[in-house]
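Down below is the structure, laid out as structure tokens.
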């Protein structure tokens, strides 16, 4: 049963390898809130995005949730604005994102760790397309995300550099 905290609906945004899953797990362990991983929800097993109708159905179902943590680089302004109580954007340098993504994927490919939050049946791989996507995320997607956050009103928004330094207990207390 989730504890009673100030924020009930939390969205954690950032690029691949920014620390979203790590922070989501830390917040979930503190609050007992369920984590809704957007990669798992909007991609199918071969990493192709589901069609708009399927995504809309998923979001409509998710919108009904009274508590939870959304983990993902999701950027639909209307959903963010109307669902979240707290939005955390993790602003991590590209080099750290690349290191984390490469490390995480190599470890998963070696079978040393099972990746949580990926689509059911999806394979963990590492290729130039993935590296290029991570390399270009801060250049191509970061400003769009920050622009959305600047336009959101009446929500607690945090922009952090290091999720491990966030005092989750203090942030969430009533």
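General remarks:
- On Cα atoms only, tilt of 94-109 relative to the major axis of the chain in degrees: 70
- Beta bridges per DSSP with both ends in segment 9-172, % antiparallel, nearest 5: 5
- Nearest-ten-degree value, helix 20-31 long axis tilted from longest Cα axis of the chain: 40
- Here the relative contact order of the chain, from alpha carbon pairs under 8 Å that lie six or more residues apart, stands at 36 percent.
- Using alpha-carbon coordinates, inclination of helix 128-140 to the longest axis of the chain, degrees: 40
- Long-range tail of P(r) for the chain (Cα pairs > 26 Å, %): 27
- Averaged over residues, the count of other Cβ atoms within 10 Å places the peptides 18-25, 149-156, 35-42 in the sequence 18-25, 35-42, 149-156, highest first.
FYI, it's all coordinate maths here, none of it is from the lab. Computed from a prediction, not measured in an experiment: that's the story for all the values here. Here Cβ is always computed from backbone atoms with ideal geometry, including for glycine, and neighbour counts include all displayed protein chains.
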